[in-house]
Every structure is written in C-alpha cells, then in structure tokens.
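Student: The structure that follows is given in the form of structure tokens.
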Amino acid sequence: MSNNKIISDFESNKSLLEELQPRVKTLIEILSKENDIEVHDVQARVKEKSSLKKKIEEK
C-alpha cells in the first residue's frame, strides 16, 4: 500500500477512529480485568495525520 493511500484512508476514516477510540479502550480494560492482567493505566488516542505521515515515511 502506498504512503498516499494510507494517508487518504486515514483521513477518510478519522471520525470513525475517533468514535471507536473510547470503545477500544474500554474493551482492553475489560479484557485485562477478566484475564487477571494488572494494568496501571490504559490510554488511547487517534494519531495525528502529521505524526502518521512521518512514521510511514521513516519505514
């Protein structure tokens, strides 16, 4: 997949990613507790476009 396609897909789906972010965080917290995995803190965020672009260009 090209870098431009990755960025384009990200931009197209950013609102969905932001909507899913708290759900994924909650799911990880629940699964951790159910499996007796001690976790200090679970954090979640949607990466900024500029950060994503920099990361994929480095790879």
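Read-outs throughout are calculated quantities, based only on the coordinates presented, and are distinct from any laboratory measurement. Bear in mind the structure is a predicted one, so any value in this text is a computation, not a measurement. Cβ placement follows ideal geometry from the backbone for every residue including glycine, while neighbour counts extend to all protein chains displayed.
Student: What is the residue count in the range 13-59 for residues that are within 11 Å of the chain's Cα centre (by Cα) and of a type in the set (G, A, S)?
Tutor: The total comes to 1.
Student: Separate question: Please determine whether any residue of the range 19-29 is in contact (Cβ under 8 Å) with a residue 24 or more places away in the chain and surrounded by 10 or more Cβ atoms within 10 Å (Cβ to Cβ).
Tutor: Yes: the range 19-29 contains one or more residues that are in contact (Cβ under 8 Å) with a residue 24 or more places away in the chain and surrounded by 10 or more Cβ atoms within 10 Å (Cβ to Cβ).
Student: Specify which of the listed residues (K47, K53) is part of a helix (DSSP H, G or I) and not acidic (D, E).
Tutor: Criteria check complete, one pass: K53.
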